[in-house]
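Enquirer: Structure provided below as structure tokens; questions to follow.
Nothing in this text is a laboratory measurement; each read-out follows from the coordinates by a stated rule. Given the structure is predicted, the values throughout are model-derived calculations rather than measurements. FYI the Cβ positions are ideal-geometry reconstructions off the backbone, even for glycines, and counts take in every protein chain you see.
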Amino acid sequence: MDHSGHGMNMDLPPFTLGRGLEFSADPFFLIGCLVALALYGYGVVRLRRRGDGWPVNRTVLFAVGVLSIALVMCTGLNDYGMVMFSVHMVQHMVISMVSPILLLLGAPVTLALRALPVAGRGRTGPRELLLKLLHSRYMKIVTHPVFTIPLFIASLYGLYFTPLFDFLMGSKTGHIAMMVHFLAVGLVFFWPIMGVDPGPHRPGYVMRMLELFAGMPFHAFFGIALMMASQPMVKAYENPPASLGIDALADQTAAGGIAWAFSEIPSVLVLIALVFQWYRSEQRTAKRSDRAADRDGDQELKAYNAYLASLQARGQ
């Protein structure tokens with residue numbers, strides 16, 4: 001693998017957190033992050049102007065999600081990620097498992113559906129197109145666990161243990177395409193599981209937890225495979241630049257450890273969110289039946305008492 005294509009990567013000094021967090025923007029991701037924040041902000045402002053509320057916690061979660069992408073793609077981490085497997089793995093894990101969860105908790109689809117104007121009769125505007133997409137067969141397939149779980153797993157094994165990874169790492173464009181792919185896979189995998197936004201696939205809470213845990217062991221095993229390998233598995237990181245002062249195998253072991261540890265983080269994040277959602281939906285159901293009881297003056301209870309009385313009369 002020839003590193004001269006990366007230009008500045010030839011003489012990167014040894015990695016430190018300070019150097020990793022210096023601003024070094026990838027234009028594609030920088031523009032993407034700014035556009036995402038601007039559109040979301042615009043949606044929230046539109047709702048407010050109309051006199052509708054939008055939960056602050058959703059806005060905060062979405063913003064943190066976007067910032068988590070910027071953190072790994074618009075800093076020195078992105079430069080070091082080209083030559084250090086461990087740093088690349090941090091990028092991959094954040095963008096595929098942390099950012100998607102935070103973005104989805106921000107409910108961007110719900111916001112778009114509420115903020116976009118309804119087109120006139122017979123006309124198709126952005127809102128109608130979004131609804132069409134949500135209800136399309138394509139979306140049904142793409143968000144189905146039979147599709148998302150294998151895709152999630154294949155993104156690890158199919159990429160790192162085949163020549164595809166080295167091919168993509170050979171160019172800036174390939175690298176960006178790979179990161180966009182990780183983000184997209186994370187989004188379609190966690191979308192039905194988080195269940196905040198409307199989508200074609202709405203499993204119950206228990207199914208969601210099963211879906212979540214179906215992918216994680218493969219993830220952990222991938223990390224363990226990297227940690228236990230006795231030689232570098234990925235060509236792109238076989239010969240790190242001497243200026244970094246690192247050993248390729250030690251760096252790969254660190255990358256494996258990062259992949260393994262990260263497989264636990266989203267599980268915990270998602271579980272907390274699911275339990276919270278579950279609790280809230282139970283409370284809503286309870287409130288609904290209370291309200292119904294208030295409305296119909298406990299008709300059900302009266303009917304039941306009448307039924308018991310009729311049974312007793314019959315018994316006598």
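Enquirer: Straight distance only, please: which lysines reach the Cα of residue 235 with their own Cα at less than 26 Å, same-chain residues fewer than 8 apart left out?
Expert: 172
Enquirer: As an exercise, use a Förster radius of 22 Å and the Cβ-Cβ distance of residue 159 and residue 132 to find the FRET efficiency, rounded to the nearest 0.05.
Expert: 0.10
Enquirer: Please list 253-262, 302-311 highest first by mean number of surrounding beta-carbon atoms within 10 Å per residue. Could you put the intermediate results ahead of the total?
Expert: On the way: 253-262: 19.9, 302-311: 10.2.
Going by the mean number of other Cβ atoms within 10 Å, highest first, we get 253-262, 302-311.
Enquirer: Hey, rough spin-label estimate for residue 221 and residue 206, points 7 angstrom out along Cα→Cβ, what's it come to in nanometres?
Expert: Here the answer is 2.6 nm between the modelled labels.
Enquirer: With the Cα gyration tensor of the range 153-230 giving a ≥ b ≥ c as the square roots of its eigenvalues, does the rule (a/c under 1.5 for rounded; else a/b larger than b/c for prolate; else oblate) give rounded, prolate or oblate? Kindly include the intermediate steps, with their values, before the conclusion.
Expert: Values: a/c = 3.93, a/b = 1.51, b/c = 2.59.
Oblate.
Enquirer: I've got another one for you. Let me know the shape class of the range 1-140, please: from the alpha-carbon gyration tensor, a ≥ b ≥ c as square roots of the eigenvalues, rounded when a/c is under 1.5, otherwise prolate if a/b is greater than b/c, or oblate. Write out the running numbers ahead of the final one.
Expert: Values: a/c = 2.85, a/b = 2.19, b/c = 1.30.
It is prolate, given that a/c is not under 1.5 and a/b is the larger ratio.
Enquirer: Taking the beta-carbon count within 10 Å as an exposure proxy, list 190, 23 from fewest neighbours to most. It would help to have the intermediate numbers written out before the result.
Expert: Values: 190 30, 23 9.
Listed from fewest to most nearby Cβ atoms, that is 23, 190.
Enquirer: Next question, about the same structure. Return the distance in nm (one decimal) between the two label points of a simple spin-label model at residue 181 and residue 42, each offset 7 Å from Cα along Cα→Cβ.
Expert: Label-label distance for residue 181 and residue 42, simple model: 3.1 nm.
Enquirer: Sorted from largest down, what three extents in whole angstroms do the Cα atoms of the chain have along their principal axes?
Expert: For the chain, the Cα spread along each principal axis is 95, 51, 36 Å.
Enquirer: Quick one: angle between helix 205-228 and the longest Cα principal axis of the chain, in degrees between 0 and 90, rounded to 10, please.
Expert: With rounding to tens, the tilt is 10 degrees.
Enquirer: Let me ask another. Are there GluC sites (Glu not before Pro) in the range 259-304 that DSSP puts in a loop and that have at most 16 other Cβ atoms within 10 Å, and which ones?
Expert: Sites meeting the loop and neighbour criteria: none at all.
Enquirer: Further, regarding this structure: Given +1 on the Cβ of Lys and Arg, -1 on the Cβ of Asp and Glu, and no further charges, what dipole in debye does the chain carry about its Cα centre, rounded to the nearest 20?
Expert: For the chain, the charge dipole is close to 1960 debye.
Enquirer: Same structure again: Between helix 56-73 and the chain, what is the angle of the helix's C-alpha long axis to the longest principal axis, kept within 0 to 90° and rounded to the nearest 10?
Expert: It works out to around 20 degrees.
Enquirer: If you don't mind, another one. Please provide three numbers in whole Å: the alpha-carbon extents of the range 58-178 along the principal axes, with the largest listed first.
Expert: Extents along the principal axes: 55, 32, 24 Å.
Enquirer: Residue 23 to residue 314: extension gain in nm, 0.36 nm per residue of separation minus the Cα-Cα distance? Provide the component values of the computation, followed by the final result.
Expert: On the way: separation 291, 0.36 × 291 = 104.76 nm, distance 8.30 nm.
Result: 96.5 nm gained on full extension.
Enquirer: Can you give the convex hull volume of the alpha carbon atoms of the range 207-279 per residue, in Å³?
Expert: 93 Å³
Enquirer: How many angstrom separate the Cα center of the range 231-252 from the Cα center of the range 123-200?
Expert: Spelled out, the Cα-based centre of one part sits 30 Å from the other.
Enquirer: Using the Cα centre as the reference, give the magnitude of the dipole from point charges on the C-beta atoms of the range 15-142 (Lys, Arg: +1; Asp, Glu: -1; all else neutral), rounded to the nearest 20 debye.
Expert: Numbers: 13 positive and 5 negative charges, 196 e Å.
Around 940 debye, computed over the range 15-142.
Enquirer: Once both labels are modelled 7 Å past Cα along the beta-carbon direction, what's the residue 264-residue 287 spacing in nm?
Expert: 3.6 nm
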